[in-house]
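Chemist: My questions will all concern the structure given below.
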Amino acid sequence: MPPTTELAAPERAPALPTTDEQKYPCVTGADGVPRISGVAVDPAQGFKATELQLCTLKRPHMRAFHFQWLSFFVAFVVWFAYAPLLVVIREDLGIAKRGIWLSNICNVAACVVARFVVGPLGDTYGAVKVQTGLLVFAGACTLLAGTVQTLAQLCALRFLIGVGGATFVITQLWSSEMFATGVVGTANAVTGGWGNCGGGFTILVMGLQYEALRDGGLSDEQAWRRAFFAPGAAVLAVAAAMRVSADESPRGTLDDAAAAGARAKVTVAASTRGGFANANSWILGVQYAACFGVELHVNNAMAMYFYDRYGLSVGTAGTLASLFGWMNLFARGLGGLASDAANRRLGMRGRLLVHTAYLFAEGAILVAFSYVDALAPAVAALVCFSICVQAAEGTTFAIVPYVAPKSLGAVAGVVGAGGNVGAVAWGLLFMFGSDGAAGYRALGAIIIASSFLSVFIRIDGEGSLFSNDDKKAPDPAPGRDAEA
């Protein structure tokens, strides 16, 4: 029999409420599966969904699901809106290449602190409230992005806009609040992956928008400055829609879930202790630096790399570089799906095996990429590399919900912040070392080394890379109630 991998709910109510007491009634069909708004749920896990129905916006589960990825998507758009225009901005403002690397570091550095902070805040105050605040702040700063005149101003605004990257932590916390253990790996990976597509979208669209504005009669300077208005306004619009029409839990708000006994109330201090004191959080954080941190670095650097190395136009360089981000459409979800499948067969050991394999492959392909000189094979290697990067991100956050369930936001914050620490480190590596093929070769070797850290991960009640704890029944197949 496969080992057990069920994630225990933080606290269970002594008795389930009646249908009339629930904001969203649960109805059991003829097949014996309880459903809310047509989505299969598990009452034993606080009515979390046991399936994904991607083509519906019904509350609470699927409406929340689509706002989870969309809120992160628009935050990612403004977070990296500067990246494809940096080759123009550096010439217009007379900024040296090293100054551009410094602005890239500022862009991801702010998110390190923000991610540590917002995880416990999400545990305490609820995902929708915290996510709305982050989007409003990032959107307002983006509307000012076209006003910069100096390197210091560029670094300052990129730092402030980078706070919006902390939306990822809330996306993962929110997704884990809504989806049961049998599908949480896939749900977390898809919401994170589709959100990450904002990186590919902004690298593609901002460069093309700049060229369209310039071809429409604006000067180079006027074109790049005006290009920031549309993404800033889009972020504010999503924040408003999410605040008034999305739920924080299967019961409605976080307070509704706590009142029903489906979720324990937790203070910021208690959440912080539970997540920050767990060694697994920090190991996964280091490994996340080697996948998501690498993604952030590539989003900032690849368009400039293609522009400088192959002599391409701004639009063409951005289009090719955007292929890296577009792999998020499926690749991060692929990692979560593979992790869930391995979990059903091999338990936590399976999740860790898949996770380790993707990290190793990611590093090996990046080393190969560093030796490629021609454009076509370089693009092919970039795509393969991207698939492994995104899949490794998905496998990471398929493990996160098991680390410390009562401090899920804090764990997500530590791991998510690790990604940004990695991006800062890789930015410094390229700033003070080689920013070309040799830099990517060294980075690939570091990623390979990070994959071996999996041997130190052991999750209480679940297992490790070498064995599982045999305390629980196997997870149910997606779409089935755990008690059916």
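Chemist: Could you run the Debye sum over the Cα atoms of the range 120-235, one equal point scatterer each and no solvent, and tell me log10 of I(q)/I(0) at q = 0.13, 0.18, 0.21 Å⁻¹, two decimals?
Modeler: Treating every Cα as an identical point scatterer, log10 I(q)/I(0) equals -0.62, -0.98, -1.17.
Chemist: Starting from the range 25-109, pick out the trypsin sites (Lys or Arg not before Pro) whose DSSP state is loop and whose Cβ has at most 16 other Cβ atoms within 10 Å.
Modeler: Values: sites: R35, K48, K58, R63, R90, K97, R98; in loops: K58.
Hits after loop and neighbour filter: K58.
Chemist: Hey, got a sec? Which chymotrypsin sites (Phe, Trp or Tyr not before Pro) in the range 69-101 land in a DSSP loop and have at most 15 other Cβ atoms within 10 Å?
Modeler: Details: sites: W69, F72, F73, F76, W79, F80, Y82, W101; in loops: F80, Y82.
Sites meeting the loop and neighbour criteria: none at all.
Chemist: Summing -39500 (n - 2.57) over the DSSP H runs of n ≥ 4 in the chain and dividing by its residue number, what mean residue ellipticity at 222 nm do you reach, to the nearest 500 deg cm²/dmol? Working shown, then result.
Modeler: Details: 19 runs with 317 residues, N = 484.
Per the formula, -22000 deg cm²/dmol.
Chemist: Tally Lys and Arg at +1 and Asp and Glu at -1 over the other residues with C-beta under 15 Å from the C-beta of C155: what net charge comes out? Don't skip to the end; give the middle numbers.
Modeler: Values: positive: R90, K97, R98, R158; negative: none.
Its environment carries a net charge of +4.
Chemist: Relative contact order for the chain: what percent, with Cα pairs under 8 Å and sequence separation of 6 or more?
Modeler: Relative contact order of the chain: 27 percent.
Chemist: Treating the angle as unsigned and between 0 and 90°, give the value, to the nearest 10°, between the Cα long axis of helix 61-79 and the longest Cα principal axis of the chain.
Modeler: It works out to around 20 degrees.
Chemist: Taking each pair of distinct Cα atoms in the range 323-481 once, what is the resulting Kirkwood hydrodynamic radius in Å? All intermediate terms of the calculation are to be shown ahead of the outcome.
Modeler: Values: mean 1/r = 0.0593 Å⁻¹.
It works out to 16.9 Å.
Chemist: For Cα pairs less than 8 Å apart in space and 6+ apart in sequence, what is the mean separation divided by the residue count of the range 69-215, i.e. the relative contact order in percent? Don't skip to the end; give the middle numbers.
Modeler: Values: 181 pairs, mean separation 65.5, N = 147.
It comes to 45 percent, rounded to a whole number.
Chemist: Right, something else. Looking at the chain, what % of the alpha carbon pairs are farther apart than 29 Å? Intermediate values should be presented prior to the final figure.
Modeler: Numbers: 53020 of 116886 pairs.
Here the tail beyond 29 Å accounts for 45 percent of pairs.
Chemist: Could you give the Stokes-Einstein D for the range 361-449 in µm² per second, using the C-alpha Kirkwood radius, 20 °C, 1.002 mPa s? Walk me through the numbers on the way to the answer.
Modeler: Numbers: Rh = 14.4 Å.
Diffusion coefficient, whole number: 148 µm²/s.
Chemist: How large are Rg and Dmax for the range 318-359 when only the alpha carbon atoms are used, in Å?
Modeler: Calculated on Cα positions, Rg and Dmax stand at 13.1, 41 Å.
Chemist: Next question, about the same structure. Using only the C-alpha atoms of the range 255-376, find the volume of their convex hull and express it per residue in Å³.
Modeler: Working: hull volume 22.1 nm³, N = 122.
It is 182 Å³ per residue.
Chemist: Would you report the distance distribution of C-alpha pairs in the range 45-148 as whole percents per 10 angstrom bin, up to the bin with the largest distance?
Modeler: All Cα pairs, binned at 10 Å, distribute as 11, 34, 29, 17, 7, 1 percent.
Chemist: I would also like to ask the following. Counting only C-alpha contacts under 8 Å and six or more residues apart, can you give the relative contact order of the range 317-397 as a whole percent?
Modeler: Details: 81 pairs, mean separation 39.5, N = 81.
So the answer I get is 49 percent.
Chemist: Taking the full set of protein chains and a 1.4 angstrom probe, give the accessible area of C26 in square angstrom, rounded to the nearest 10.
Modeler: Rounded to the nearest 10, that gives 20 Å².
Chemist: Using Stokes-Einstein with the Kirkwood hydrodynamic radius over Cα pairs, what translational diffusion coefficient do you get for the range 110-170 at 4 °C and a viscosity of 1.567 mPa s, in µm²/s rounded to a whole number?
Modeler: Working: Rh = 11.9 Å.
It comes out at roughly 109 µm²/s.
Chemist: Tell me which cysteines of the chain come out unpaired when the rule is another cysteine's Cβ under 4.7 Å.
Modeler: Cys with no partner Cβ under 4.7 Å: C26, C55, C111, C141, C197, C291, C384, C388.
Chemist: Still on this structure, I have one more. Do you know the Lys pair count in the chain for C-alpha distances under 28 Å, with sequence separation 8 or more or different chains?
Modeler: 21
The values are calculated or read from the model by the stated rules, or taken from the named source; none is laboratory data. If you're wondering where the values come from, they're calculated on a predicted model, not measured in any experiment. Every residue, glycine among them, receives a Cβ derived from its backbone with ideal geometry; neighbour counts consider all protein chains shown. Heads up: the accessible areas ignore ligands, DNA and RNA and are worked out on the full protein's heavy atoms, side chains in. Shrake-Rupley method; radii C 1.70, N 1.55, O 1.52, S 1.80 Å.
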